[in-house]
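Just below is one structure, and these are the notes that go with it.
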Amino acid sequence: MNTEQVDIKTPEYVSLQFHAAGLGSRAAAFIIDTLILLAVNLLIFIALVYGLNASLFDYFESDIPSYLFAGVIILMFVLNWSYYFLLEYFTGGRTIGKKALGIRVIQENGHSITLLSSLIRNFLRIIDMLPVNYLVGMLMIFFHSKHKRLGDLVAGTIVVHERRGKKKKKASKLDKLIAEKGLGANQHLVEEWALKALGSKDWKLLKTYAERINSLSTDDRIVLTRKMADILFPKIGLDPASKRYDELEDMLLLLYLQMKEEWEYDL
C-alpha cells in the first residue's frame, strides 16, 4: 500500500505534512531490529553456556539452577522490550531498523515522542503480536488510513518517513555565520537524551537569539549570549560560568543546529 500524506497541526499552530510509513517499510525496519535482537540474545545464550563450562548439547541435559535460568529469561525479556522503548525515546523515535529505513515515530501533534507514549506503544506490542508474527499489528497497519497499529492508536503516535531536503534555499546571514565558524549539524553539543530537558519555549527563545545576533552591536551580542547561556545551559547540565563569550556563542549555535532537527518545520 502506498504511503499516505498526513496533515498535522502542532500546538504552535504550524501546519505540517508528513508521509505515513506503510507496512513495507515498517516490516523491513522490524526485521532489521529483530535480527539485531536475535544476535544479542544468541550472545547471551552462548555466554551462559560458556559460563557453565558446558557444551551446547550438555546444556540441554544438565541441571541448571532454576534461579539462573529464570534470571536469563527475565534479562532477555527486558532487553527485547526495552530495546524499542528506550531507543525510540532517547533517539527521537528511531530504532536502528527505523533509522536504516528512514522512518521515525512522532506524536500526532508533530512533536518528538514522549517517555509515556513510547512506554504505551511498546507495551501494547503484546496485543499487536497476536495471534502470531504480529498478525494483528500488520492487519491494522495495512487497513488503517494512517497505517497505525493498536499501540499507535492508544499512545497517540504515528510512524512517518523522515523529511528530506527538497530545494536548496539561498543561504541566510545565520547560515553564513555558522559556516564561517565551521559549525555543522553533525557536531552535537550534548547527547540527544539531554535535549528532553528543553521544550518549545526554549526552542523559540534560542531560534530568536540565533536569528538576531548578526544584527546586534558587539556589546549587546555579548550580553545577550551570556543571558541565553545562563538560561539554557543549566537545563542540559552545562556550566557557562567558565566559558569565554566566543565559546558560549559557538555552543549556543551548535545547540540551535541540534534542536533544529526536532523543532524546525521546513515546509
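The values are calculated or read from the model by the stated rules, or taken from the named source; none is laboratory data. Everything numeric in this text was worked out from a predicted model, so none of it was measured. FYI the Cβ positions are ideal-geometry reconstructions off the backbone, even for glycines, and counts take in every protein chain you see. These area figures cover heavy atoms from the full protein model, side chains too; ligands, DNA and RNA do not enter into them. Shrake-Rupley method; radii C 1.70, N 1.55, O 1.52, S 1.80 Å.
Being over 18 Å from His161 (Cα atoms), part of a helix (DSSP H, G or I) and open to solvent by 70 Å² or more (accessible area, probe 1.4 Å): is that true of Leu86 here? In short, yes.
Could you tell me whether any residue of the range 177-196 is among the charged types (D, E, K, R), over 22 Å from Glu88 (Cα atoms), modelled with pLDDT of 85 or more and part of a helix (DSSP H, G or I)? Looking through the range 177-196, at least one residue is among the charged types (D, E, K, R), over 22 Å from Glu88 (Cα atoms), modelled with pLDDT of 85 or more and part of a helix (DSSP H, G or I). Scanning the range 56-77 for residues that are β-branched (Val, Ile, Thr) and either open to solvent by 100 Å² or more (accessible area, probe 1.4 Å) or modelled with pLDDT under 55 (or both) yields a single hit, Ile74.
Just to be sure before I move on: is Val159 crowded, with 17+ Cβ neighbours inside 10 Å, more than 30 Å from Asp220 (Cβ to Cβ) and either among the small types (Gly, Ala, Ser) or at pLDDT 90 or above (or both) in the structure I sent? Against the criterion (crowded, with 17+ Cβ neighbours inside 10 Å, more than 30 Å from Asp220 (Cβ to Cβ) and either among the small types (Gly, Ala, Ser) or at pLDDT 90 or above (or both)), Val159 qualifies. The listed residues are Ala179, Ala194, and the only one of them that is open to solvent by less than 40 Å² (accessible area, probe 1.4 Å) and under 30 Å from Phe233 (Cβ atoms) turns out to be Ala194. Listed by first and then second residue, the pairs with beta-carbon distance under 9 Å, at least 6 apart or on different chains, first residue in the range 98-119 and at positive phi, second crowded, with 18+ Cβ neighbours inside 10 Å, are Gly102/Ala21; Gly102/Ser25; Gly110/Ile8; Gly110/Phe18. Identify the residue in the range 1-22 that is open to solvent by 70 Å² or more (accessible area, probe 1.4 Å) and part of a loop (DSSP other than H, G, I, E, B) and, among all such residues, is modelled with the lowest pLDDT. Checking each candidate, the answer is Met1. Within the range 204-213, one or more residues are among the hydroxyl-bearing types (Ser, Thr, Tyr), at pLDDT 85 or above and farther than 19 Å from Gly92 by Cα.
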